[in-house]
Amino acid sequence: MKFFADTAEIDEIRELADTGLLDGVTTNPSLIHKSGRNFLEVVREIAGVVAGPVSAEVVALDHEGMMREAEVLRKLGDNIAIKVPLTPAGLKTCKALTGDGSMVNVTLCFSAAQALLAAKAGATFISPFVGRHDDVGFDGMSLIADIRLIYDNYDFDTQILVASVRHPMHVVESAKIGADVMTAPPKIIWQLFKHPLTDSGIAGFLKDWEQTGQKIV
Ligand code: E4P
């Protein structure tokens, strides 16, 4: 499963990229606002740090406007994935852009029916939001399982990008279902490394090693 960081904070992206485990980045207008940075500048910078796909979202709601914005965004790097909302205009834009060789991430997906439409529109990625789904009393992970089943039934190439990830179990459940990608805030990706028995195990080994009085180098 590929790991994307859901952030526009360049320092956090660099830190994660240093682990060698980061496969891409997703941004959205709220994350850009939080970063306090200029949208085009920060996305260009991120696209230079990460080799994998970097999602940059259009804000126009009509097809022509989305196409004009996508034209600007895709010039920011060879690895830009244009993010469009799951609306009729968004899917029309998706079809036009993917037909032209661009990567497209269809965002704000909350149903299996919407995911089916995005795959038919040739989306590179579909982003179902599991956390926001859970927030309103639905089971976000069962949506991922439904989409996996449907995409496998028809051999759709669209990659399932699990979004709105709130905790490590969302990541584990996504992997069990066979999602292709998950995007999470850096804090959650770092949490995946943690286990108290790893920490206490290291402490125990180091204590015993000191007793040997030896050095490796
Ligand atoms: C995905 O691409 C979105 O940017 C993101 O995962 C939304 O997450 P949120 O529900 O925590 O805002």
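Over region 52-116, Cα pairs under 8 Å with separation of 6+ residues give a relative contact order of 31 percent. Its alpha carbons considered, region 102-205 gives a radius of gyration followed by a Dmax of 15.7, 55 Å. This model, with +1 at the C-beta of Lys and Arg and -1 at the C-beta of Asp and Glu, gives region 119-175 a dipole about its Cα centre of some 160 debye. For the cross-link pairs LYS75/LYS120; LYS34/LYS83; LYS83/LYS120; LYS2/LYS92; LYS2/LYS83, the ones whose C-alpha atoms lie over 21 Å apart are LYS75/LYS120; LYS2/LYS92. Here region 170-217 is treated with +1 on each Lys and Arg Cβ and -1 on each Asp and Glu Cβ, and its dipole about the Cα centre works out to around 80 debye. Note that region 2-212 presents 50 Å² accessible area per residue, ligands and nucleic acids not counted, probe 1.4 Å.
Placing +1 on the Cβ of every Lys and Arg and -1 on the Cβ of every Asp and Glu, with no other charges, gives region 136-217 a dipole of roughly 460 debye about its Cα centre. For the chain, the equivalent ellipsoid built from the Cα gyration tensor has semi-axes of 35, 22, 14 Å, listed from largest to smallest. Here the contact order of the chain, divided by its residue count and restricted to Cα pairs under 8 Å and six or more residues apart, works out to 17 percent.
Highest GNM mean-square fluctuation among GLY122, GLY20, GLY77, for the chain modelled with Cα contacts below 10 Å: GLY20. Beta bridges per DSSP, both residues in region 2-212: antiparallel share near 0 percent.
Net charge in the neighbourhood of VAL104 (other residues with Cβ under 9 Å of its Cβ; Lys, Arg +1, Asp, Glu -1) is +2. Between LYS176, LYS194, LYS207, the Gaussian network model of the chain with springs among Cα atoms under 10 angstrom shows the greatest mean-square fluctuation at LYS207. Per atom type, the chain shows carbon and sulfur on 57% of its accessible surface, probed at 1.4 Å.
Between rounded, prolate and oblate, where does region 6-99 land on the alpha carbon gyration tensor, with a ≥ b ≥ c its root eigenvalues, rounded for a/c under 1.5, else prolate if a/b exceeds b/c? Prolate is the answer for region 6-99, as a/c is 1.5 or above and a/b outweighs b/c. Seen from all directions on average, region 6-59 presents a Cα convex hull projection of 3.3 nm².
Candidates TRP209, VAL181, TYR154 compared by Cα position along the dipole of region 151-217: farthest toward the positive end lies TRP209, with charges placed on Cβ.
The values are calculated or read from the model by the stated rules, or taken from the named source; none is laboratory data. Computed from a prediction, not measured in an experiment: that's the story for all the values here. Cβ coordinates were reconstructed from backbone atoms using ideal geometry, including for glycine residues, and neighbour counts include every protein chain displayed. SASA here: full protein model, heavy atoms, side chains in, ligands and nucleic acids out. Shrake-Rupley method; radii C 1.70, N 1.55, O 1.52, S 1.80 Å.
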